[in-house]
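Submitted below is the structure of interest, expressed as structure tokens.
The values are calculated or read from the model by the stated rules, or taken from the named source; none is laboratory data. What you see is a predicted model, and the numbers here were worked out from it, not measured in a lab. Here the Cβ positions follow ideal geometry from the backbone for every residue, glycine too, while neighbour counts run over all protein chains shown. Ligands, DNA and RNA are excluded from the accessible area calculation, which covers all protein heavy atoms including side chains. Shrake-Rupley method; radii C 1.70, N 1.55, O 1.52, S 1.80 Å.
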Amino acid sequence: TKKIARAIALAIDEAILNGTGSTDKQPEGIIPALEASHKVDVDIADGIAGIVSPISLIDTGADSVGEIVAVMHRKTYYDKLLQFSILPTDAGNLVGKLPNLTNPDLLGLRVVFNNNMAADEILYGDFSKYTLVERESLTIDTSEHAKFGADKTGFRGKARFDGKPVDKNAFVLVTLVENP
């Protein structure tokens, strides 16, 4: 049952980010709903300030904004962003904030790892602006018929969820690029 619950949770994570909507019996994903103005390329050479500056598309000051979270693949954090936390001096001493790998952050923004994000992409957003609704309760069924001859029992987990970004302007997708 733990493996089935984990598989359903992973599918929900994928659908919240990349779901194609009701035609495919999935929640509507945040990334497909974003308009072009909320998909930004940032040169990694612009440094940490350039990487976080697209948050201004979300936090305009015109309305109250909840907690903004940075969602990314682990590889993106370790390969591209960790370098901004640890800076050596000419003498070889480390200065700056050492990263907290158990609770990673990016300039104080909470970082959430999600393997469904593409490498070198960061989704900033106020996830209170995404609504996920459970349409039917989670069920786990068993069947002894499928493998009756082998004396085995099959298990199946089912869940039905609907979801969509309530305010798609509460999210911005940043793609990190390296321009020569």
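Take the range 22-45 and flag every residue that is touching a residue at least 12 places away in the same chain (Cβ under 8 Å), farther than 28 Å from Glu178 by Cβ and in contact with a strand residue (DSSP E or B) (Cβ under 7 Å, 6 or more places away or on another chain).
Pro27, Glu28
Considering only residues that are free of Cβ contacts under 8 Å to residues at least 40 places away in the same chain and open to solvent by less than 50 Å² (accessible area, probe 1.4 Å), look in the range 47-65 and name the one that is farthest from Ala159 (Cα to Cα). Don't jump to the end; show me each part of the working.
Our first condition is that a residue be free of Cβ contacts under 8 Å to residues at least 40 places away in the same chain; within the range 47-65, this holds for 47, 49-50, 53, 56, 59-64.
From what is left, the residues that are open to solvent by less than 50 Å² (accessible area, probe 1.4 Å) are 47, 50.
Details: Gly47: 42, Gly50: 40 Å.
Among those residues, the one meeting the criterion is Gly47.
I need the full set of residues from the range 1-28 which are part of a loop (DSSP other than H, G, I, E, B) and surrounded by fewer than 15 Cβ atoms within 10 Å (Cβ to Cβ), in order please.
Of all residues in the range 1-28, those part of a loop (DSSP other than H, G, I, E, B) come to 1, 19, 21, 25-27.
Correct list: Thr1, Lys25.
Within the group Ile31, Ile44, which residue is under 19 Å from the mean Cα position of the chain (by Cα), of a type outside the set (Ser, Thr, Tyr) and surrounded by 12 or more Cβ atoms within 10 Å (Cβ to Cβ)? If you could, list the steps in order and put the result at the bottom.
Numbers: Ile44 fails: under 19 Å from the mean Cα position of the chain (by Cα).
Of Ile31, Ile44, the one residue that is under 19 Å from the mean Cα position of the chain (by Cα), of a type outside the set (Ser, Thr, Tyr) and surrounded by 12 or more Cβ atoms within 10 Å (Cβ to Cβ) is Ile31.
If you go through the range 131-153 one residue at a time, do you hit one that is at positive phi and either surrounded by 13 or more Cβ atoms within 10 Å (Cβ to Cβ) or modelled with pLDDT under 90 (or both)?
First, the residues of the range 131-153 that are at positive phi: 151.
The next check asks that each one be either surrounded by 13 or more Cβ atoms within 10 Å (Cβ to Cβ) or modelled with pLDDT under 90 (or both); those that pass are 151.
Yes, there is a match, as at least one residue in the range 131-153 is at positive phi and either surrounded by 13 or more Cβ atoms within 10 Å (Cβ to Cβ) or modelled with pLDDT under 90 (or both).
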